[in-house]
Amino acid sequence: TVDYTKIGRDAVARLLITHQKVIERIMDLGYTVLPMRIGTFAEDEAEVIDVLRKGYDLITSTMRKVVDKVEVDIVATWSDLTSIIKEVQEEKEIKEFREQLLANPKAMTVDDQMKAGLMVQKALDKKRECYAIRVRSELKAVSEAVREHDLMDDKMVANCAFLLEKLKQEEFDKTVEELNARFGEKLNFRCVGPLPPYSFYTLDVRRMQYEDLDWAKKRLGLGDFTTSERITKAYRKAAFSSHPDHNPDAPQAERELADATKAYEILTDYGQACEQRDSKDKYSFCKEDFEKNSILITVR
């Protein structure tokens, strides 16, 4: 097993390219792919079978949602950001304010300059959002769903993932071409896909550690067996007693609250794993039982 977090970025990039090529080959054969979180691996075949058994209902229900569907990512950027900024600076309110400052440059303060910059930024954001809405709405009309991703820089106008049926991919591509023709002077479009539905359904398989569970159990004062209700009750009690608002003179209160919250999250995840194994009434913290429930399968 190779820990991908401890190898160089170039090596990781090459592995990701190989991984993507394998996925593309499978998709070219006509199969639907339900992607897994990057870095997921199994120790052996027995663990693969365990994951499939525990996550069977979740995996099959998710597959039904994505069968014959693909993701296409669209990024729109300003063709010429400098010209867009100049265009924004010519708007009436901004132009008048700038002329007022330039008429008496000696009286210009740092606050004045900051205000002018904020006015330009606000107008630029408004223009960006206007174009982004038009791009999203037209592409959403020929897709099943849309997810917005963060904008990476000022040049980026829209960064979205679209989930669509394979049969509608040609119609989707045609709509992108129409947008490109209409906004060609203002925007550049980059289209990536078809991809598995990374942005909509990604299988997350987590292998929990007994040491973490044991710490969390002790942090909330729980015994060897518990229930979901007891975990919640113990967390509320710990959070109330350690909350900084109730302990203004205790410098460690904030850290204690963070620890209680972390313990609650660990125990909640373990509870979900137990329920996937049909252990719904009681959760056992015994090491032997933990080994049977140490894998949590979710979709994010």
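The values are calculated or read from the model by the stated rules, or taken from the named source; none is laboratory data. Because the structure is predicted, anything quoted here is derived from the model rather than measured. With ideal geometry, Cβ positions are generated from the backbone for all residues, glycine too; neighbour counts draw on all protein chains shown. Ligands, DNA and RNA are stripped out before the accessible areas are found, and what is left, the full protein with its side chains, is counted by its heavy atoms. Shrake-Rupley method; radii C 1.70, N 1.55, O 1.52, S 1.80 Å.
Taking the helices alone, the chain has a mean residue ellipticity at 222 nm of -17500 deg cm²/dmol, built from -39,500 (n - 2.57) per DSSP H run of at least 4 residues and averaged over all its residues. Separation of the alpha carbons by more than 29 angstrom is noted, of 262/287; 65/155; 95/186; 140/186, for 65/155. Kirkwood hydrodynamic radius computed over region 145-264 comes to 19.5 Å, based on all pairs of distinct alpha carbons. Principal-axis analysis of the Cα atoms of the chain puts helix 169-183 at an angle of about 30° to the longest axis.
Determine the shape class of region 1-58: with a ≥ b ≥ c the square roots of the Cα gyration tensor eigenvalues, call it rounded for a/c under 1.5, and otherwise prolate if a/b is greater than b/c, oblate otherwise.
Cα axes put region 1-58 in the oblate bin.
With contacts taken as Cα pairs under 8 Å and at least 6 residues apart, region 109-196 reaches a relative contact order of 22 percent.
Taking Cβ atoms as reference points and 14 Å as the exclusive limit, the residues near residue 182 contribute a net charge of -1, counting Lys and Arg as +1 and Asp and Glu as -1.
With a simple spin-label model that places each label point 7 Å from the Cα along the Cα-to-Cβ direction, the separation between residue 11 and residue 48 comes to 2.4 nm.
Highest mean packing first, where packing is the average number of other Cβ atoms within 10 Å per residue, the peptides 101-110, 51-60, 226-235 line up as 226-235, 51-60, 101-110. In this Cβ point-charge picture (+1 for Lys and Arg, -1 for Asp and Glu), the chain has a dipole of about 280 debye about its Cα centre.
Rounded, prolate or oblate: which one fits region 68-226, using the alpha carbon gyration tensor with axes a ≥ b ≥ c (rounded when a/c is under 1.5, else prolate when a/b beats b/c, else oblate)? Note, shape of region 68-226 comes out oblate. Using 11 Å as the cut-off for backbone N distance, which residues of region 223-244 belong to the label zone defined by a point 7 Å from the Cα of residue 261 along Cα→Cβ? Residues 244 qualify, since their backbone N sits under 11 Å from the label point. Accessible surface for the chain, divided over its residues, is 64 Å² per residue with a 1.4 Å probe. Could you give the angle, 0 to 90 degrees to the nearest 10, between helix 110-140's Cα long axis and the longest principal axis of the Cα atoms of the chain? So the inclination is approximately 70 degrees. Across all directions, the shadow cast by the convex hull of the chain built on its C-alpha atoms averages 23.7 square nanometres.
Angle check, please: helix 253-276 long axis (alpha carbons) against the longest principal axis of the chain (alpha carbons), in degrees 0 to 90, nearest 10. The angle comes out near 70 degrees.
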